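What follows is one structure encoded as structure tokens, with my remarks underneath.
The values are calculated or read from the model by the stated rules, or taken from the named source; none is laboratory data. Note that the structure is a prediction, hence the values are computed from the model and not measured. Note that each Cβ is placed from the backbone with ideal geometry, even for glycine, and that neighbours are counted across all protein chains shown. Keep in mind that these areas ignore ligands, DNA and RNA; they rest on the heavy atoms of the full protein, side chains included. Shrake-Rupley method; radii C 1.70, N 1.55, O 1.52, S 1.80 Å.
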Amino acid sequence: MSALDPTGARRQEIADALGGVQERIAAACSAAGRPREEVTLVAVTKYFPASDAAALVRLGVQDLGESRDPEAGEKAAALGEVPGLASPTWHFVGQLQTNKANRVARYADVVHSVDRDRLVRALSHGAELAGRTLGVLVQVNLGGPDADRRGGVEPDAVAALADAVAASPGLVLRGLMAVAPRGQDPAPAFERLARTGERLRADHPGASWLSAGMSGDLEAAVAHGATHLRIGSAILGARPAAG
Ligand SMILES: *Cc1c(COP(=O)(O)O)cnc(C)c1O
């Protein structure tokens, strides 16, 4: 058994769940009349061991998401040491404190959760120190009861923050990210996100990513133009409630 290889039973469980999610994505794309290639699956591995993340990479998943530092960096480093394992693209999708930006800039390829100027400056500085380029998504607040906890800027503040990202060395503006409000129909929120994305592309034509959709609402997200789905529990199972 090579390093970071989970038991056969766990590997099979992950493979089966991943297959189910891939079927859901394919069905959602065809229902929306969109080519499957327009949508990237980001498997969110937070709270799960590096062995699960490695199993996903072996199953062909090229994009992994994490929401907590330093756990995310430790997992990226652990996978980097497995001989012969393909290097995934690492997406940091969680709320990020400014004082962790330097560390995250060393291992993340894309940060989905950028919602304030100070964080833009900190990530730019971190990327320059690390000699790396970071993709950045501006997180949009789509409202709902837990909006404050989840972060994000109001839609009318997106343009200014996006300009700041685009002007920052070491950062590349990729688009927008959002979490749909809990316990409500996600469609209106994803529609608002899509409209905000259209306005953004008028000024930044390359900022074409829409990171939206999780285990419970990926179909609605695909219907409203999501390019990146962040899927955790539907692939890896339930995590502790804090996740
Ligand atoms: C955990 C997390 C996800 C994955 O959520 P699931 O419902 O488990 O698919 C997606 N996005 C963010 C920002 C997360 O923190």
* Structure fact -> Amide H proximity to residue 209 below 5 Å, modelled H, separation 5+ or other chain, gives 175, 176
* Unit charges on C-beta of K, R, D, E only; dipole of segment 1-94, Debye -> 180 debye
* To do: Give the accessible surface of segment 59-193 per residue, rounded to a whole number of Å², with probe radius 1.4 Å and ligands, DNA and RNA excluded.
  => 43 Å²
* Asked: Does the chain classify as rounded, prolate or oblate by the C-alpha gyration tensor (a ≥ b ≥ c root eigenvalues; a/c under 1.5 gives rounded; else a/b over b/c gives prolate, otherwise oblate)?
  -> oblate
* **Neighbour net charge for residue 230 - beta-carbon separation under 13 angstrom, K R +1, D E -1** => -1
* Structure fact -> SASA check, residue 89, accessible area w/ 1.4 Å probe, all protein chains in place, rounded to nearest 10 Å², comes out at 50 Å²
* Decide, for segment 7-149, between rounded, prolate and oblate: order the square roots of the alpha carbon gyration tensor eigenvalues as a ≥ b ≥ c, take rounded if a/c falls under 1.5, and otherwise choose prolate if a/b is larger than b/c, else oblate. => oblate
* Asked: Counting Lys and Arg as +1 and Asp and Glu as -1, each charge on the Cβ, what is the dipole of the chain about the Cα centre in debye, to the nearest 20?
  -> 280 debye
* Roughly to the nearest percent, how much of the accessible area of segment 138-243 is carbon and sulfur, given a 1.4 Å probe? -> 52 percent
* **Listed residue (40, 213, 122) projecting farthest to the positive dipole end of the chain, Cβ model** => 122
* **Whole-Hz couplings from phi, Karplus 6.51/-1.76/1.60, listed for segment 213-219; x for Gly and Pro** => x, 10, 4, x, 9, 5, 5
* **Cβ-placed point charges (K, R +1; D, E -1), dipole of segment 75-172 about Cα centre in debye, nearest 20** => 380 debye
* **Cα-based convex hull volume of segment 51-119 per residue, rounded to whole Å³** => 74 Å³
* Could you tell me what fraction of 2.2 N^0.38 Å the Cα radius of gyration of segment 104-243 comes to, as a two-decimal ratio? => 1.03
* **Shape of segment 182-243, Cα gyration tensor, a/c cut at 1.5** => prolate
* To do: Work out from phi, with θ = phi - 60° and the Karplus expression 6.51 cos²θ - 1.76 cosθ + 1.60, the ³J(HN,Hα) of each residue of segment 91-106, listed in order in whole Hz, and give x for Gly and Pro.
  => 10, 8, 10, x, 4, 10, 7, 4, 6, 9, 4, 4, 5, 4, 5, 7
* Which of 102, 73, 59 sits closest to the plus end of the dipole of segment 54-136, meaning its Cα is farthest towards the positive end, when Lys and Arg get +1 and Asp and Glu get -1 on the C-beta? -> 102
* Structure fact -> Placing each pseudo-label 7 Å from Cα in the direction of the beta carbon, residue 10 and residue 201 end up separated by a distance in nanometres of 4.1 nm
* Structure fact -> One computes Rg over Rh for segment 108-188 from alpha-carbon atoms, with the Kirkwood Rh, and obtains 1.02
* Name all residues of segment 10-27 having a backbone nitrogen under 20 Å from the label point set 7 Å from the Cα of residue 78 along its Cα→Cβ direction, giving them as ranges. => 10-15, 18
* Asked: For residue 28, what charge total do you get from the other residues with a beta carbon under 9 Å from its beta carbon, if Lys and Arg give +1 and Asp and Glu give -1?
  -> +1
